[in-house]
1. Please report the relative contact order for the chain, taking Cα pairs under 8 Å with a sequence separation of at least 6, and give it as a percent rounded to a whole number.
2. Just the projected area, averaged over all directions, of the convex hull on the alpha carbon atoms of region 184-239: how many nm²?
3. Taking θ = phi - 60°, what integer Hz values does the Karplus form 6.51 cos²θ - 1.76 cosθ + 1.60 yield along region 23-39, in sequence order, with x for Gly and Pro?
4. Cross-link list LYS8/LYS48; LYS160/LYS195; LYS8/LYS140; LYS124/LYS152; LYS48/LYS195: which exceed 31 angstrom alpha carbon to alpha carbon?
5. Can you tell me the dipole magnitude for region 1-127 around its Cα centre, using point charges on the Cβ only (Lys, Arg +1; Asp, Glu -1), in Debye to the nearest 20?
6. For the charge dipole of the chain, defined by +1 on Lys and Arg C-beta atoms and -1 on Asp and Glu C-beta atoms about the Cα centroid, which residue among GLN6, PHE27, LEU61 has the Cα displaced farthest towards the positive pole?
7. Dipole of the chain (Lys/Arg Cβ +1, Asp/Glu Cβ -1, origin at the Cα centre): which of SER185, GLY149, LEU79 lies farthest to the positive side?
8. Residues of region 172-193 with amide nitrogen under 17 Å from the 7 Å Cα-to-Cβ point of ASN144?
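Just so you know, all these numbers are worked out from the coordinates, no wet-lab data involved. All values reported here derive from a predicted model rather than from experimental measurement. Cβ sites come from the backbone with ideal geometry, for glycine too, and all protein chains shown count toward neighbours.
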Amino acid sequence: MSNRLQGKTAFVTAAGQGIGRATAEAFAREGAMVVATDVDAELLAPLKGQPGFVVERLDALDAGAIAEAARRHPGVDILFNAAGHVHHGHVLDCTEEQWQFAFDLNVRSMYRTIKAFLPGMLAKGNGSIVNVASGAGSIKAAGNRFVYGATKAAVIGLTKSVALDFVTRGVRCNAICPGTIESPSLRERMTALSKSSGQSYEQVEAMFIGRQPMGRLGTPDEIAAMAVYLASDESRFTTGTTMLVDGGWSL
């Protein structure tokens, strides 16, 4: 631990597992007080009582709950938006309900958290917002990721807009664009695709790994390392960027 985030308060969505969990833990190791939130309170149970953590259930689709969380935590220095969902399929597969849910969770939740926590950052003249986007979207197209890619392209546009509008007021906004990252949600998608395609789980897993030029999946800790950099004062001259951590997938 080098205390790169000492004295800072971080608010993290989807902190129960995967990238959100790894980032929350990395922030705490670097000295931040972390408000770790997730819609599934059971996933947060291991963090309860741990030094550096405040654990709260939060539904990222609930505008009122987000606003109330910002009122309870007015001193947030770092906002890490990790809540999201990956839908499989192309445009003809996408239902109106899937389109609405994807944009509500992947984009509108970020709009709401940023709108809720940004005033406190502006009052202090300092803050870092980090949004999880994806290599799939405006960076590169991915097969059968229609609505997911559309939402993640929107996240990049949202990120750049916030960065520009507040560039002179001490608040930075950046996006991380991961490649294929090992996580419980990825394993669930592999299982679902195996069942729907008739392929074995091992074949589906090999497909996901095979599309990564490095020949392996990324890890949540590798994304968390970038998040720590963007949250810290080391990146104080960095805003509006799309940080690719994708093992060369987008090359």
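1. Result for the chain is 20 percent.
2. 5.3
3. Whole-Hz 3J(HN,Hα) from phi for region 23-39: 6, 4, 5, 5, 4, 5, 4, 8, x, 7, 8, 10, 8, 9, 10, 6, 6.
4. Violating the 31 Å Cα-Cα cut-off are LYS160/LYS195; LYS8/LYS140; LYS48/LYS195.
5. So the dipole magnitude of region 1-127 works out to roughly 700 debye.
6. Positive-most Cα among the choices belongs to GLN6.
7. Ranked along the dipole, the leading option is LEU79.
8. Of the residues in region 172-193, 180-181, 185-193 have backbone N under 17 Å from the label point off ASN144.
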